[in-house]
Amino acid sequence: MWRTLALASAFFPGLFALCIRLLRWAAPGWSLKDRILLSGRLVSTVQATMATVSGIMVVLNCKDVVYDRHWLAVEYVWVLVPYMTYDIYVMYLCHWHKSRERGVAEKKHSLPSVRSFLLQERLMVTHHLFILVVLTPVTQLKMQDTLLHKVNGILILVTFFLCRILLFPFMYAAYARQVGIPVYMVPFRIPLHCNIANASLIAPQLYWFRLICRKAVRLYGSSPADKSR
Ligand SMILES: *[C@@H]1O[C@H](CO)[C@@H](O)[C@H](O)[C@H]1NC(C)=O
């Protein structure tokens with residue numbers, strides 16, 4: 001636990017700093033803000049990949065869906081804690097650099113600037129994690145109409161649906177299969193607090209999924225002429 005915690009605490013900020021440096025070398029024309037934004041996204045991608053691989057390994061190795069404990073599932077928490085802490089700071093940095101670009105920034109790391117960040121945190125978290133991060137990385141480069149951007153959008157829609165929404169029916173089905181009851185009986189067989197916890201977990205996912213779908217409709221629904229208007 002402590003070793004994982006220490007390793008992850010060094011890994012994510014270290015990777016972030018490395019990305020910033022590499023980008024300064026690879027794309028000297030970019031502003032610091034753009035380098036921070038892209039580096040943050042690259043680190044998020046690395047974390048997402050690690051989490052996905054761990055998740056697949058856990059699913060493949062656990063037979064008893066109620067009592068099996070995979071060491072990776074427990075250990076990964078100690079990767080997530082430093083990552084989340086780091087990510088909130090990067091979100092603050094992005095927020096600050098964007099405010100400065102709009103000419104409304106408070107002094108960096110000052111109390112008012114942190115307050116302004118926290119006031120917008122809800123919006124930031126939603127945006128940052130699910131739309132800004134994934135659906136619009138290429139928008140800045142004015143590439144909304146490229147095929148790559150559209151394919152990326154479709155991939156996000158599909159993976160989000162598979163991994164964040166279908167995960168819940170999958171859990172219920174796994175339980176039903178193990179206990180030998182039909183799926184629709186599961187909500188009545190497991191403790192009420194599990195149903196409540198699952199419902200409160202899936203609710204924000206559905207909300208984000210709706211946002212992503214709306215964005216996709218706008219992206220694919222309008223002709224180029226609409227966009228320039
Ligand atoms: C969600 O439901 C599953 C059963 O399908 C249960 O094992 C799990 O503990 C629930 N999640 C939470 C956070 O309670």
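The values are calculated or read from the model by the stated rules, or taken from the named source; none is laboratory data. Computed from a predicted structure; not experimentally measured. Quick reminder, even Gly has a Cβ in these numbers, built from the backbone with ideal geometry, and neighbours come from all protein chains shown.
Looking only at residues of the range 1-39 that are among the hydroxyl-bearing types (Ser, Thr, Tyr) and assigned to a helix (DSSP H, G or I), we find that the one that is nearest to Ser99 (Cα to Cα) is Ser39. Applying the set (1) within 22 Å of Val59 (Cβ to Cβ); (2) out of contact with any Pro (no Cβ under 8 Å at 6 or more places or on another chain) to Ala176 leaves exactly one unmet item: (2). Of all the residues in the range 140-189, those that are on the phi > 0 side of the Ramachandran plot and at pLDDT 85 or above number 1.
Counting just the residues of the range 1-30 that are touching a Pro at 6+ places or on another chain (Cβ under 8 Å) and at pLDDT below 95, which one comes out farthest from Tyr89 (Cα to Cα)? Among those residues, the one meeting the criterion is Leu5. With respect to Glu121, determine if the residue is at pLDDT 75 or above, of a type in the set (Asp, Glu) and either out of contact with any Pro (no Cβ under 8 Å at 6 or more places or on another chain) or assigned by TED's automatic domain parsing to the domain that holds Gly40 (or both). So Glu121 does not fit the description; no.
Sort through Thr126, Thr85 and tell me the only one that's surrounded by fewer than 16 Cβ atoms within 10 Å (Cβ to Cβ), modelled with pLDDT under 85, closer than 21 Å to Phe12 by Cβ and of a type in the set (Val, Ile, Thr). Selected residue: Thr85, the only one of Thr126, Thr85 that is surrounded by fewer than 16 Cβ atoms within 10 Å (Cβ to Cβ), modelled with pLDDT under 85, closer than 21 Å to Phe12 by Cβ and of a type in the set (Val, Ile, Thr). Is at least one residue of the range 150-165 within 12 Å of the ligand (Cβ to nearest atom), free of Cβ contacts under 8 Å to residues at least 40 places away in the same chain and part of a helix (DSSP H, G or I)? Taking every residue of the range 150-165 in turn, none turns out to be within 12 Å of the ligand (Cβ to nearest atom), free of Cβ contacts under 8 Å to residues at least 40 places away in the same chain and part of a helix (DSSP H, G or I).
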